[in-house]
Each structure stands twice: as structure tokens, then as C-alpha cells.
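Bear in mind these aren't lab numbers, they're just calculated from the coordinates by the rules spelled out. Here the structure is a predicted model, which means the values were calculated and not measured. Every residue, glycine as well, gets a Cβ built from its backbone with ideal geometry; the counts of neighbours run over all protein chains shown.
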Amino acid sequence: MHPIERLRYVARSAGGDPRSLIAETASGLCALGDNPAGMVVACRRLVERHPTSGPMWWLCAHLLTAADPQAVAQLLVDAIFDDPTPEVLAAAIPANAGVCVIGWPEQAGDWLLVRDDVHVIDVRSCIDDPVGLATALRDADLVLVEALAASSTEILATRGSAAAAAAAAASGVPVWAVIGTGRCLPDAGFQTLVDAGADVVQLARCSHRVSPAGLRQLGEGEAPLAAECPLAPELIKR
């Protein structure tokens, strides 16, 4: 398949394994060879078609600013596939916990199945019903908010996450922010995603952060999240 056709396929794709999406994208972009103008156009189109994907922005930003994109691409793909965040989460959830989720999170979902002692509470159906949401949270020991992308102080998450996090905080239920590899962007890059069909949740609303580095309790004076990629001006809308 011609590189342009492969990238068109990736741009049109929806759902599926996000890791495979990143691998296909990296392969297609590298196949453009010595065509920097073509790579810029392709990267812009890809981030526009995947407006809630932090890893897509992360990948494109790295490749657009790399001296040797092909060498960098394989390292990035390996980092996505080797992301230990799901395993960290599975090991950190307390025994027999009631875990509130919004829909079925990409990273946490499969690993929740491994923990057959965990009671999963999906609150998406009652996210617009404050009474129903409060009732669902009565059985929750923690709420998972999985980051699609993150800035230094905020995370972009599935629609309904902001309401769930606010209700949990009001009820004294811990909120765990799950932030996997490739999600932390420069603030200016994150701002290009915040108009997408998702919620912005202040990291200050979260009691803990789950990342490749482990489970960390958050508190006052917490250091801002560090971006995992450079700022690529080509991806900033003017």
C-alpha cells in the first residue's frame, strides 16, 4: 500500500487498539521518506481526525522535530506497547474494591477483567442524573478517570468524567487519574484538543495519579506534569 493511502486509512479509522493505530501511523509517516512537507501535511490531518488522542499528537510532535524520524519512530512505538500503566493499575487497586468507571477505558478496561475480585460500576448511563450518580458512588471505593491527553495541570477524559470526578470529590470518594505513556503534552498542544468531544478535568480534583512510574498520592503544591514530547509549532492551529 502506498504511504499516502496507508495514512488516509489511519486518518479515517475509529476505535480499535490505540497502540496499533500509533504503530500504523509511525510506519506510514516514515515511509514518506525525505518529504518533510508531506509529513507536516499528513501529521496535521492525522491530529485533526483524531482530536482526542494524546498519543497521536505525541507521536507526530516527536517525528516532526526529530533529526532522524525513522530511528525515533521505532522507539516511540516500543514505548507505547511497553507502557506498564495498565499493570501498575491492576496491582494497585485494593482487594474487593468497588471501582467506578465512565464507559470502558482503553488502558484500564482489560486489566479490570483480570481482577475478578473487583466490582466495576459503569456510571455513564446516569452521568446526567445527579441523584443516580450519587447513588452509584455509594458503592464505589474509588473513581478511575483515564486521560486521553494531559497538560501540566489538566487531563482530557471521556465525556462525563468531569461530572463523575466532581461528584466523587463531594462524596469523599478518591479519584485516580490514569495517565499512560504518550498522554502528557505541552500546554499549547493540549489546548488544541480541549474543544473536542471530551471533558477537561483539573488534576487538582484527583487524589492519586497512576502512571508508568507507579501509583502516587497527590497533594497541595504538587509539581505540574512534565510534557513527554516537544512542542511542534506545525501542529498548532493559527
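Points to keep in mind about this one:
- 0 to 90° range, to nearest 10: angle between helix 54-65 axis and the chain longest Cα axis: 30 degrees
- Rg over Rh, two decimals, the chain (C-alpha only, Kirkwood Rh): 0.99
- A full extension of the chain between D117 and A170 corresponds to an added length of 16.4 nm, given 0.36 nm per residue minus the alpha carbon distance.
- Square roots of five times the Cα gyration tensor eigenvalues for the stretch 85-217, Å: 22, 18, 12
- Loop GluC sites (Glu not before Pro), the stretch 15-106, which have at most 13 other Cβ atoms in a 10 Å radius of their Cβ (DSSP): none
- In this calculation the C-beta distance from R124 to A213 is compared with R0 = 22 Å, giving a FRET efficiency of 0.15.
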